[in-house]
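Presented below is the structure to which this report refers.
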Amino acid sequence: MDAIKKIAGILWIAIGVYAGYILIVTQAIPKFQSDKPEDLIPAIIYAFVLTPIIVGGLVTFGVYALQGLYKSDETSA
């Protein structure tokens, strides 16, 4: 079971990095480059609010899984 958790940790980190790439490349950069002034607010939200929250959460969850911090203590219940 620990091996599965470690593999899942690597997957969570990879998903987090991929999600950050997608948010920046397909959402934020095109809106920053747009000539419309109403696209600036969503671009700032994508780049500086959503990306750190999503990537940070997924990568943190993956690191915790890799470190084995999700081990269950069956004797402490």
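The values are calculated or read from the model by the stated rules, or taken from the named source; none is laboratory data. Values in this document were obtained by computation on a predicted structure and should not be read as measured data. Glycine also receives a Cβ, built like all others from the backbone with ideal geometry; neighbour counts cover every protein chain displayed.
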*For Leu69, state whether it is outside any helix (DSSP H, G or I), free of Cβ contacts under 8 Å to residues at least 40 places away in the same chain and over 11 Å from the mean Cα position of the chain (by Cα).*
yes
*Among Val63, Val59, Val25, Val55, which is the only one that is β-branched (Val, Ile, Thr) and farther than 24 Å from Asp2 by Cα?*
Val25
*Are any residues in region 46-75 out of contact with any helix residue (DSSP H, G or I) (no Cβ under 9 Å at 6 or more places or on another chain) and either buried (at least 17 other Cβ atoms within 10 Å of the Cβ) or modelled with pLDDT of 95 or more (or both), and if so, which ones?*
Val49, Ile53
